[in-house]
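One structure is given below, encoded as structure tokens.
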Amino acid sequence: MYSSSFNYNLIKLQGSLERFALSLTANQDEARDLLQETFLKALSYKDKFKEETNLKAWTFTIMRNTFINRYRKSLKRKVTNGPDDQMLNVINFLKETDPETPHHNLAYDEIIKYIDRLDDEFRIPFKMHTSGYKYREIADALDLKIGTVKSRIFFARKKLMATLKDYRR
């Protein structure tokens, strides 16, 4: 299939693909994103498409696989980041309050004080994690096993949440 006829036939499938994307995501914005990603992949891999096959089935398969991969990735992200959700609520609480108010300054100073009171073995990995380092990066930097890093961050979070009950939502 020539490039122009491939592109033309792909565009003709837009309505069907939009409906399929909406049935998968149940959200208009996510459906548009999925459609756009499907078009991008179809155009990127059009050299892999065999002329004798069904273009509609091929693009629907791309969309379905893209959706499944996104879903799996989001589940993985939730599992990885899940335990820190409560701590993120505390951090977000600080971000939402006006930085010029005395309450914000007091809350921020108090949280930092509690973080600084943690033993080094818990404080250092915790601060690195909340600064955006991945578990693997922390493990490599501190010469620890990844499981040790995860447990230290978990216990640091647990200790902080016990002492910062008043800031949880």
Query raised in the report: Considering only Cα-Cα distances, which of the following residue pairs are longer than 18 Å: 73/134; 113/158; 113/159; 12/48?
Result: 12/48
Report task. For each of 17, 40, count neighbouring Cβ atoms within 10 Å of the residue's Cβ, then give the residues from fewest to most. Result -> 40, 17
Query raised in the report: Computed FRET efficiency, Cβ-Cβ of residue 141 and residue 72, R0 30 Å: what is it to the nearest 0.05?
Result: 0.60
Query raised in the report: Over all distinct Cα pairs, what is the inverse of the mean 1/r for region 3-80, reported as the Kirkwood hydrodynamic radius in Å?
Result: 13.1
Report summary line: Exposure proxy check on 39, 155: fewest-to-most Cβ neighbours within 10 Å is 155, 39
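We did not get these values from a lab; they are worked out from the coordinates using the rules stated. The structure presented is a predicted model; accordingly, all values stated were derived computationally and were not measured. Backbone-built Cβ (ideal geometry, glycine too); neighbour counts: all protein chains shown.
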